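Notes for the one structure printed next.
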Amino acid sequence: MAQLFEKTSIMKATLTSKELGQRVRAERKARGRTQSWVAERVGCRRQTIADLEAGRNVALNILLGTLAALGKGLAIADARVDLEQLAEIFRDDEDED
């Protein structure tokens, strides 16, 4: 089942807090920004940004402010499995045999 989730992003519409933090960190680094730079724009301590990137619990306004500072947004996706998409995934598995 783990391979199924890695094979397609359709099945992985949700992130753990750790995964979200890793993505925030990757975006920050890709833009050449420091935690201090982000914290200054968000109006919080650098440690709060470090906590967010580590997957720790921070206030929603910190997350949204951080995303805005990095030029990113948040999308709400339907995490339910579409039966046609699921059938396609398994059809691909059968083609590999």
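Here, each number is a calculation from the coordinates, and none is a lab measurement. Computed from a predicted structure; not experimentally measured. So basically every Cβ, Gly included, is an ideal-geometry build from the backbone, and we count neighbours across all protein chains shown.
Points worth noting:
- The residue 46 and residue 86 beta-carbon pair, evaluated with R₀ = 35 Å, returns a calculated FRET efficiency of approximately 0.20.
- The phi torsions of the stretch 54-60, fed into the Karplus equation with coefficients 6.51, -1.76 and 1.60 and a -60° offset, translate into couplings of 8, x, 7, 6, 10, 5, 4 Hz, rounded to whole numbers, with Gly and Pro shown as x.
- Across all directions, the average projected area of the convex hull around the alpha carbons of the stretch 9-88 is 5.7 nm².
- Summed residue charge, Cβ within 13 Å of residue 71's Cβ, Lys/Arg positive, Asp/Glu negative: +4
- FRET efficiency for residue 61 and residue 23, using Cβ-Cβ distance with R0 set to 22 Å, rounded to 0.05: 0.75
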